[in-house]
Every structure is written in structure tokens, then in C-alpha cells.
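Data block below; observations after.
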Amino acid sequence: MIAAIVLGCSIVFFLQFFVPYCRSLIAASSNHVLSPEVRDVTGLTTPASGEDFQRVVQLLHLCPDRPEDRGEIRAIGVYFGMVNFLKTVSRSTAPSVRAWTERELGRCTYFAAVALDRRVAFSRDLLAQQIEA
Amino acid sequence: MPGSASYAILFLGTFLEALVVVCAIKRKILRKYFVLNLYMVLCPLVSWGRHYTLARDGVGSLNYRYFYFYTDALLTIVLYFSLISLYLSVFEEMKVGRYLRLGALALLAGTSWFTYAVVSQSSHKILTYFAFELSQNLYFVGLILTYVLWAAVLKMRQTPAQLIQLVLSLGIYFSFFAASYALTNLHPNLYSRVSVLIPVVGCLLPLSWAYAFWRVPNEARLSPARLAMAAVTR
């Protein structure tokens, strides 16, 4: 009985921490201005749309991997899935929640584009260093 | 004998834990988050010690079991003090550090006493079960304390973004471990599946802390109320 209560509380607490954590990651990247190249490649509109998320993530996987942002990209991918599910569920029942989910999915896309921008910059630096050497 | 996957996770974990300390040194915040960094230094030492004992004595040996559970309890206690150090950072301006430290020690002593009381009634193998139960109880206490800390942070207008990410990632870590302990208590046959996830999730904590130290500027601040789940429905 106690184990079941602990399990239930832990799952609720997990969500209470996970959602703000993802939102803090997104908020931290929202001030980043995308380079014109990444804007061109991704074709992002202003504000970004959730429909572009998968495409931006595919582009992200084409760039050399960086261990320090791998976990964050995965976390935002899970968060995107959760919000997308909420969007589907709230389609007919709660229009205000649906509007919020669309905004949030767009912010997830912007986060992925910022990660792409950073990876492109990192690869470019790496290439420059190799040419110099 | 540990397999290649086990060694891969060990190397990855060690790399990420070292990365946290390196990032803290580069950002000049080693002293500010000293206990967190101490935990990150202890983790790889304990992991390598466990692998050494496992390779020498085997998984079924008493030596390995004692080493595993006691080092786990030790790491949990250090992680508990890391959480208390985050409390000290959040409430720095209120000058309540002395009371927080006393309260933390009293809570740790109370949890140890409770664990001992439970274990001494239900088991003859007090020494092994005490360490295991203490870790389990401390994870749940840590989870509750992290939630209380997050609730306090939510009341603040502006909080350092780094601190927010450290608190939330610690909350995710504690809640996963509390859930996994509870799940294996409910269904012991799931232990083999849950135990596969434990080292993977163990790598996520240093990864998120390294990200917070490396990517988030020291002076960046966020409004915590905008991040909360309650803000979702507003």
C-alpha cells in the first residue's frame, strides 16, 4: 500500500519537475537569434510552427553529435510528444488549451532550431581548426 | 563479470561527471556549488570501485553487496546535502543558513532512526538492509524536499536560471529513483528491467548539470511562475 502511494506520488512529482524543466530549457534558448543560414535551411516562420519540429530534428541528426546537448534534445522530444498528445485530446473539448499547445509546440521547434544553429557553428569551428592545423 | 555495455555506461558516466566539474571550474562556480561538485567527484570513484570489486569477487559475493549498498547510501547522503546546499543558495538572502543546516541534520538523523526501527523489526540481516532501506527512504525524503524547494522557488519573482535547472533536474532524478524503488517493491519481478534503466538515468543528472553550468550564463534569470505546470492552463 505504502509502495503504491510512493509510486503514485513519484509519478506526479516527476511530471511536476519534468514539464517546468523542459520549459526552462526552451525559455533559455528563446533569446537566441537564429543565423540567416539556419533560417533558410529550416524555412522557419515567425512564430515557429510545431509542424516543422520533426523536419528540424532530422536536420539536427545530420550534424555531428555533441554529448552536452543530446539529453536536452531528447527531453524536448519527449515534451513535444506529451504536448502533441494534449493537443489531440483537447481538439474538441478545450480550445484555449489547444491554442496554448500550438504555441508550445512552436517553441519546441524554435529550441530544436537553436540546437541546430549551435551544432552548425560548432562544426564550422571544428573545420576551421582542422584547416589551420 | 561486467559486460561491454556496462563499461560503456561507466565511461560515459565518468566523462559526464568530470564534465560537470570542468564546466564548474571554467565558469568559476566551483565554490558556489561545492557539494554538487563533490558528489560528481565521488560518483566515478564509487563506480570504478564497484567495477573493481565486481570483477574481483563476482556479483553474488558478500563483498560486492556490502560495497554496493554502503557506497549507494553514502552517495545518497552526499546528494541529500547537495540538495540542502541548493536550499542554502535559494534562501541565502534570508540568513537562515544555520537553521537549515540544523534542520537537515535532524531530518537525516530522523530518517536513519526510522529506517533502523523498521529494519530491526523485520529482518535479521540488519547491516545490509539498513543501507538499502536508508537509500530508499532518503530518495523519497529528497524528492519531498526538492518539491518543497521548487514550491518556494515558484513564489520568487526572479531566480537564477542555472539554479532552476539544477533543482528541476534533481527533482526528476529523485522522482525516478523513488518511483523505481516503489515499483520494484510492488513487483519484485520487474527489478531486472528497472535495473537496466538505472545507470542510463544516472547519466542524465550529470548531463543536465553540465548543460546548466555550460550553456546557461551565471547571470541569466528566469521567472519561475511562468515555467510551472499551473501556467499551462492559465
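The values are calculated or read from the model by the stated rules, or taken from the named source; none is laboratory data. Everything numeric in this text was worked out from a predicted model, so none of it was measured. Glycine gets a Cβ as well: all are built from the backbone with ideal geometry, and neighbour counts include every protein chain shown.
Among A:15, A:25, A:7, which is within 10 Å of chain B (Cβ to nearest Cβ), part of a helix (DSSP H, G or I) and in contact (Cβ under 8 Å) with a residue 60 or more places away in the chain?
The conditions single out A:25.
When you go through B:68, B:7, B:64 one by one, which is the residue that is modelled with pLDDT under 90 and within 20 Å of the chain's Cα centre (by Cα)?
B:68
Collect the residues in the range B:2-27 that are part of a loop (DSSP other than H, G, I, E, B) and touching a residue at least 12 places away in the same chain (Cβ under 8 Å), keeping them in residue-number order. Step through it out loud before you land on a result.
Quick first cut of the range B:2-27, residues part of a loop (DSSP other than H, G, I, E, B) only: B:2-3, B:27.
Hits for the range B:2-27 are B:2, B:27.
When you scan the range A:34-55, how many residues do you find that are β-branched (Val, Ile, Thr) and either part of a helix (DSSP H, G or I) or at pLDDT 85 or above (or both)? Break it down stepwise before answering.
Going residue by residue through the range A:34-55, those that are β-branched (Val, Ile, Thr) are A:38, A:41-42, A:45-46.
If we keep only those that are either part of a helix (DSSP H, G or I) or at pLDDT 85 or above (or both) too, we end up with A:38, A:41-42.
Residues meeting the conditions: 3.
Of all the helices (runs of 4 or more DSSP H) wholly in the range B:132-234, which have at least 1 residues that are in contact (Cβ under 8 Å) with a residue 12 or more places away in the chain and either under 29 Å from residue B:21 (Cβ atoms) or more than 10 Å from every other protein chain (Cβ to nearest Cβ) (or both)?
Those helices (runs of 4 or more DSSP H) span B:161-186, B:191-215.
For the range A:11-48, which residues satisfy the criterion of being loosely packed, with under 15 Cβ neighbours inside 10 Å and within 12 Å of the chain's Cα centre (by Cα)?
Within the range A:11-48, just A:30 meets the criteria.
If residue B:85 satisfies all but one of (1) under 29 Å from residue B:5 (Cβ atoms); (2) of a type in the set (Gly, Ala, Ser); (3) crowded, with 18+ Cβ neighbours inside 10 Å, what's the number of the condition it fails?
So the condition that residue B:85 fails would be (1).
Could you list, in sequence order, all residues of the range A:87-128 that are assigned to a helix (DSSP H, G or I), among the aliphatic types (A, V, I, L, M) and more than 29 Å from residue A:33 (Cβ to Cβ)?
A:89, A:97 - these are the residues of the range A:87-128 that are assigned to a helix (DSSP H, G or I), among the aliphatic types (A, V, I, L, M) and more than 29 Å from residue A:33 (Cβ to Cβ).
I need the full set of residues from the range B:28-45 which are in a helix (DSSP H, G or I) and either surrounded by fewer than 18 Cβ atoms within 10 Å (Cβ to Cβ) or hydroxyl-bearing (Ser, Thr, Tyr) (or both), in order please.
Selection gives B:34, B:35, B:38, B:39, B:41, B:42, B:45.
Considering (1) under 28 Å from residue B:200 (Cβ atoms); (2) not in a helix (DSSP H, G or I), say which one residue A:69 fails and leave the rest.
Unmet condition: (2).
Within the group A:111, A:80, which residue is surrounded by 12 or more Cβ atoms within 10 Å (Cβ to Cβ), under 25 Å from residue B:215 (Cα atoms) and away from chain B (no Cβ under 13 Å)?
That would be A:80, the only listed residue that is surrounded by 12 or more Cβ atoms within 10 Å (Cβ to Cβ), under 25 Å from residue B:215 (Cα atoms) and away from chain B (no Cβ under 13 Å).
When you check residue B:53 against the structure, is it away from chain A (no Cβ under 14 Å) and either surrounded by 15 or more Cβ atoms within 10 Å (Cβ to Cβ) or closer than 19 Å to residue B:135 by Cβ (or both), yes or no?
Answer is yes for this residue.
Out of B:151, B:210, which single residue is at pLDDT 90 or above, surrounded by 24 or more Cβ atoms within 10 Å (Cβ to Cβ) and of a type outside the set (Phe, Trp, Tyr)?
Working: B:151 fails: surrounded by 24 or more Cβ atoms within 10 Å (Cβ to Cβ).
Answer to the check: B:210.
Here is a check on your reading of the model: is residue B:86 within 14 Å of chain A (Cβ to nearest Cβ), in a helix (DSSP H, G or I) and modelled with pLDDT of 90 or more?
yes
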